[in-house]
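Scroll down for the structure; my scribbles are underneath it.
Please treat every number below as a calculation from the coordinates, not as lab data. In this text the structure is predicted, and so the values were computed from the model without any measurement. Positions of Cβ are generated from backbone atoms using ideal geometry, with glycine treated the same way; all protein chains shown enter the neighbour counts.
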Amino acid sequence: MILKTKISTILIVEDEVSLRNALRDKFIRKGFKILLAKDGEAGLIIAVQEQPDLILLDIIMPKMNGMIMLKKLRQGNKWSKNVPVVLLSNLGADDEKMMKEISEDKLAFYLVKSDWSLDGLVIKIREKISLI
């Protein structure tokens, strides 16, 4: 009997094209299905339609930033209230208001882009998805 393992889907919402492509390529090589969005507005639409297993979400973006997207996402149905979100930013964790909002969302995790390698990010994403 061959067991099929479920391929996890990650939505990457990132406005920097080179980083978005690097993340896409890395996660595809690691066996994930990838959805892409270039801003929070497009990311929210794709998230609601496709319901990925995890969202990798940049905070500083045009049209709709990651914090607004996260807040709107959490106002939705059971899936959107419970999907794990990993927030990425070039900002440090010194913005008290932002850190308070993130810490109140039990399924959100914050990473500073410069502090993580792509391999480290893959490990963190696998940990988060395994908790689903």
Once amide hydrogens are built 1.01 Å from N within the peptide plane, the residues lying 5 or more places from residue 85 or on another chain with amide H under 5 Å from its amide H are 55, 108, 109
Ranked output for segments 60-69, 28-37 by mean other Cβ atoms within 10 Å, highest leading, reads 60-69, 28-37
With x for Gly and Pro, the residue-by-residue ³J(HN,Hα) of the range 52-61, computed from phi through the Karplus equation 6.51 cos²θ - 1.76 cosθ + 1.60 at θ = phi - 60° and given in whole Hz, is x, 6, 7, 10, 9, 10, 6, 8, 8, 8
Note: residue 19 to residue 75 extended length (0.36 nm per residue) minus current alpha-carbon separation gives 17.3 nm
Given backbone amide H placed at 1.01 Å from N, residues whose amide H is under 5 Å from that of residue 61, ignoring those fewer than 5 places away on the same chain, are 66
Interchain or sequence-distant (5+) residues whose placed amide H lies within less than 5 Å of the amide H of residue 36 are 12
Phi angles of the range 31-37, converted by Karplus (6.51 cos²θ - 1.76 cosθ + 1.60, θ = phi - 60°) into ³J(HN,Hα) in whole Hz with x for Gly and Pro, give x, 8, 8, 10, 10, 10, 9
